[in-house]
Each structure stands twice: as C-alpha cells, then as structure tokens.
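**Student:** Encoded as structure tokens, here's the structure I'll be asking about.
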Amino acid sequence: MCTTPQRLRKCSFTPLSVRSIRGGGGHVLVLDACGQVHACGWNNRGQLGLDSIRECVNEFKVIPGKFFEDVPVDIIACGWDISGCITMSRKLYVWGSNAFQQLGICQRGFTSIRKPFHMQLPRNDTPVRISFGMRHTAVLTDDSKIYIYGRLRTSDNCPEELNIVKISQCAMIAKLLPRLSSELRIQNISSGQNHLMMHLAPAEDQAENNAPSRRILVMGDNKFGQCNAFQFDEEIVQIATGWTHNAVMLKDLRILMWGRNCYGQLGLGAYTENHPTPMELKLSSALLPKEIHMGSEHGLLMTKDGDILTWGWNEHGNCGNDSTSNQSKPSMVDLPTSCKMAGVGAGFCFVICDSTN
C-alpha cells in the first residue's frame, strides 16, 4: 500500500487531458479528452477490458478503440470487478464479472467477459447513466427508466413512488408511477454495495417553472438507514454513494450524509454505528466544496481552490495522510500543488494536480 500520495510518472495518457477517473475494487479507469479509456490494476475478471488473461496490470493501458467501434467514449463507470461505459453514440458497453448476471447475460458459462460487450437495452432504449453495485448494474435511460441487472433486493425497501417489474431471469425495470412521471423524472443514479440512490428532478416540460431538484429516492438494503429517502430545503447539485452510506451536495454548498458510520465515513468527528437521517459535513467556512467522491467506506472532497480532504476508513492508507488509522473527520491531504480532478476506488484515491516542476 501507499499511505501518502505517490506521483505516477508513467501513464498512457496526458494527465491534464483527463476528463474523469473512476475506481473499482482494485482497478481504475481513466477517460481522456479524446474519448479514449485507459485501464490498470486488478484484472481477475477481465474488468480492465483489455482482452487479457493477466491477473493484474500494473501500468495504464489504452483499451482499443475498435472495441467501441472507434466511437469516442463519453461516460465511464466501475464496480467491484466490473466496468462499463457509454459512447458518444449512446451505446452501452460492459465488461468484467458476470457471476450474478450483472452484465445482462443470463446464460450459464458466461461468468466473465474480458473485453467490452455491447449491452442492448430492451426496446432500443437510450442509456444516459450507468452505475455498479457489488452484484448489480443499474442503467438510467433518457426516458427516466432504470434497468437493473444482477442482484439487488428491492423487496427490502421499495419506494412507493416506483413501479418495479421483473422482465427476465436476471433483469428488472424501475420507473416512476404514472401519476408522478408527468411532473418528475429520474435525473441521476448512484449505486452502493447493495442499494441504489436516485436523484429526482422536474420533468422536462416542467423545467420552465424553475422548480429545483431537491428529492432523493433510495431502494435496496437498509440495514444502516442508507435507503431512507429525503426532500431537501435546497437544490441538489451532486449525489454520491459509498457501500452503505450516501452523500448529497446542495446548491448552497452544504454536504449532507447518512448511513453507516463505524469507520467515520460520514466525517462527523465520531465513530457511531449509523445515522439514518442526513448530517452535515462540518467544514471551515474558507473551504468551498466543488465535488465529493465516495469510496467503499471513505470519502474525498475537492474544493474550488483545488484542495483535497479525506476521511473515513483508512486501513490501506486510502486517506493519504501517512497513517492507517481511520479518520472520523475531514483532513487536508499534503499535495505539491492544487488539484483539478479527483477520483476514488474501494480503498484508494487518485488526483490530477496542476503542472509542477
């Protein structure tokens, strides 16, 4: 492990061209400005998408563009041992583990796929977001439906606002009830280990009324209160999930978190079993949040000035503070310059710093 930030000196991309970074259980995907995807790390299930049987790849490699029909990639996502993307032509590709049919392939014998596989949605629906849990894949479409593949126990905590129908042995579809769909749409999704959070916004024809998007729905395992749903007093600008906890950033830059807290992953300054209602992440008034990222049980915040703060589970040095002790509140990471981008995996973090000598 590395308990302090280490500079990556060899990579297949130009750091300042990076558009997004996503991490899984032990692998990383990087999307660059040209729409190319770069991968490294754990590959036991083919989650790097390199069509390789190597267990681990310790430097970044470009996933061949021909796997995406030479169309640039727009969005990337990682799960524990699975990966996926949506191209500029709105085609959905997935690769990695299919042990729980989370790739949408229900036939026996397909336990994993080592290169990108085009997942065709029913009715040729258009994907706009993709998110992975431990054993499920969730795909949001442009008409506000969510296709869920693999295992996600919706019976434990199913919001009354949703209609959920099983459409095959390994897939189901979730959508808002007709009485709500004329006013609301599902704008974004984010998967935890065994739960799925949905950000609701006004329907397209209601957007002109300037109604803010303040509402969250959650379904799945609710052992730690992570599936409790809320309507906030300010517009939601970002959502994020860890394995068993959630975060939202509001327009006034407050960050509210709820769910499990045994490792300090809610950043409240104490270790408690859970908080079923949102608690505000306490930050200095001089720090203006820009974006928040959730690992499995740790968090990362990037400020508008490019500072990085981390907290929570730190067994592998994932908080980058030269320690392996858990951190119950946010602390600044010592980096050579300000940062322009960040990303996390289950137990690690990545940041892109400004150019430095």
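The values are calculated or read from the model by the stated rules, or taken from the named source; none is laboratory data. Nothing here was measured: the structure is a model prediction, and the numbers come from that model. Note: ideal-geometry Cβ built from the backbone for every residue, glycine included; neighbour counts use all protein chains shown. With ligands, DNA and RNA removed, areas are computed over all heavy atoms of the protein, side chains included. Shrake-Rupley method; radii C 1.70, N 1.55, O 1.52, S 1.80 Å.
**Student:** For region 29-40, give me the residue count where each residue is open to solvent by less than 10 Å² (accessible area, probe 1.4 Å) and closer than 14 Å to Glu55 by Cα.
**Tutor:** Here the count works out to 1.
**Student:** Here's a follow-up. Given (1) open to solvent by less than 40 Å² (accessible area, probe 1.4 Å); (2) touching a residue at least 60 places away in the same chain (Cβ under 8 Å); (3) of a type in the set (Val, Ile, Thr); (4) over 18 Å from His136 (Cβ atoms), identify the lone condition not met by Ile53.
**Tutor:** Going through the list (1) open to solvent by less than 40 Å² (accessible area, probe 1.4 Å); (2) touching a residue at least 60 places away in the same chain (Cβ under 8 Å); (3) of a type in the set (Val, Ile, Thr); (4) over 18 Å from His136 (Cβ atoms), Ile53 breaks only (1).
Every residue, every condition in (1) of a type in the set (S, T, N, Q); (2) open to solvent by 20 Å² or more (accessible area, probe 1.4 Å), yes or no:
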| position | (1), (2) |
| --- | --- |
| Asp233 | no, yes |
| Ala240 | no, no |
| Trp243 | no, yes |
| Thr272 | yes, yes |
| Pro276 | no, yes |
| Gly312 | no, no |
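**Student:** Test Cys34 against the stated conditions and say whether it is closer than 26 Å to Ala240 by Cβ and of a type outside the set (Lys, Arg).
**Tutor:** Values: closer than 26 Å to Ala240 by Cβ: no; of a type outside the set (Lys, Arg): yes.
So Cys34 does not fit the description; no.
**Student:** Where residues in region 132-167 are among the aliphatic types (A, V, I, L, M) and not in a strand (DSSP E or B), which of them is surrounded by the most Cβ atoms within 10 Å (Cβ to Cβ)? Break it down stepwise before answering.
**Tutor:** In the first step, residues of region 132-167 are kept if they are among the aliphatic types (A, V, I, L, M); the result is 134, 138-140, 146, 148, 152, 162, 164-165, 167.
So of that shortlist, the ones also not in a strand (DSSP E or B) come out as 134, 152.
Values: Met134: 21, Leu152: 24.
Residue satisfying both the conditions and the ranking: Leu152.
**Student:** Right, another one. Kindly provide the set of residues from region 323-338 that are farther than 17 Å from Asp354 by Cα and assigned to a loop (DSSP other than H, G, I, E, B), ordered by number.
**Tutor:** Of everything in region 323-338, those that are farther than 17 Å from Asp354 by Cα and assigned to a loop (DSSP other than H, G, I, E, B) turn out to be Ser323, Thr324, Ser325, Asn326.
**Student:** Tell me, which residue of region 97-110 that is open to solvent by 20 Å² or more (accessible area, probe 1.4 Å) and more than 23 Å from Lys66 (Cα to Cα) is modelled with the lowest pLDDT?
**Tutor:** Kept after step one, since they are open to solvent by 20 Å² or more (accessible area, probe 1.4 Å), are these residues of region 97-110: 99-101, 104, 106-110.
Now narrow it down to the ones that are more than 23 Å from Lys66 (Cα to Cα): 99-101, 106-109.
Values: Ala99: 94, Phe100: 94, Gln101: 94, Cys106: 83, Gln107: 79, Arg108: 75, Gly109: 79.
For region 97-110, the residue satisfying everything is Arg108.
**Student:** Just the residues that are more than 16 Å from the chain's Cα centre (by Cα), charged (D, E, K, R) and surrounded by 14 or more Cβ atoms within 10 Å (Cβ to Cβ), please, taken from region 58-96.
**Tutor:** Lys61, Arg90, Lys91
**Student:** Out of region 111-131, which residues are outside any strand (DSSP E or B) and either under 20 Å from the mean Cα position of the chain (by Cα) or surrounded by 21 or more Cβ atoms within 10 Å (Cβ to Cβ) (or both)? Walk me through how you get there before you give the answer.
**Tutor:** First, pick out the residues of region 111-131 that are outside any strand (DSSP E or B): 111, 119-126.
Matches in region 111-131: Met119, Thr126.
**Student:** What is the number of the single condition among (1) assigned to a strand (DSSP E or B); (2) of a type outside the set (Lys, Arg); (3) buried (at least 19 other Cβ atoms within 10 Å of the Cβ) that Ser296 does not meet?
**Tutor:** (1)
This table checks each residue for (1) of a type in the set (A, V, I, L, M, F, W, C); (2) surrounded by 16 or more Cβ atoms within 10 Å (Cβ to Cβ); (3) within 21 Å of Met249 (Cβ to Cβ).
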position: Leu266; (1), (2), (3): yes, yes, yes
position: Lys282; (1), (2), (3): no, no, yes
position: Leu301; (1), (2), (3): yes, yes, yes
position: Gly343; (1), (2), (3): no, yes, yes
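**Student:** Next question, about the same structure. Within region 144-175, which residues are over 21 Å from the mean Cα position of the chain (by Cα) and at pLDDT 95 or above?
**Tutor:** Across region 144-175, there are no qualifying residues.
**Student:** Continuing with this model, one more query. In region 18-57, how many are over 19 Å from the mean Cα position of the chain (by Cα) and β-branched (Val, Ile, Thr)?
**Tutor:** Final tally of qualifying residues: 2.
**Student:** Something else: Can you name the residue in region 195-211 that is over 23 Å from the mean Cα position of the chain (by Cα) and modelled with pLDDT of 65 or more and, of all such residues, is surrounded by the most Cβ atoms within 10 Å (Cβ to Cβ)? Step through it out loud before you land on a result.
**Tutor:** Within region 195-211, the subset over 23 Å from the mean Cα position of the chain (by Cα) is 203-211.
Next cut, modelled with pLDDT of 65 or more only: 203-205, 211.
Values: Ala203: 17, Glu204: 9, Asp205: 10, Ala211: 14.
Per the stated criteria, the residue is Ala203.
**Student:** Also, I was wondering about something else. Gly306 fails exactly one of the following numbered conditions: (1) open to solvent by 50 Å² or more (accessible area, probe 1.4 Å); (2) under 18 Å from Val18 (Cβ atoms); (3) assigned to a loop (DSSP other than H, G, I, E, B); (4) modelled with pLDDT of 95 or more. What is the number of that condition?
**Tutor:** (1)
**Student:** Follow-up. On the basis of being assigned to a strand (DSSP E or B) and closer than 25 Å to Ile167 by Cβ, does Ser83 make the cut? Explain how you work it out, then say what you get.
**Tutor:** On the way: assigned to a strand (DSSP E or B): yes; closer than 25 Å to Ile167 by Cβ: yes.
Spelling it out, Ser83 is indeed assigned to a strand (DSSP E or B) and closer than 25 Å to Ile167 by Cβ.
**Student:** Further question on the same structure: Which one is most open to solvent (accessible area, probe 1.4 Å) among residues in region 168-183 that are touching a residue at least 40 places away in the same chain (Cβ under 8 Å) and farther than 22 Å from Asn222 by Cβ?
**Tutor:** Here the residue is Gln169.
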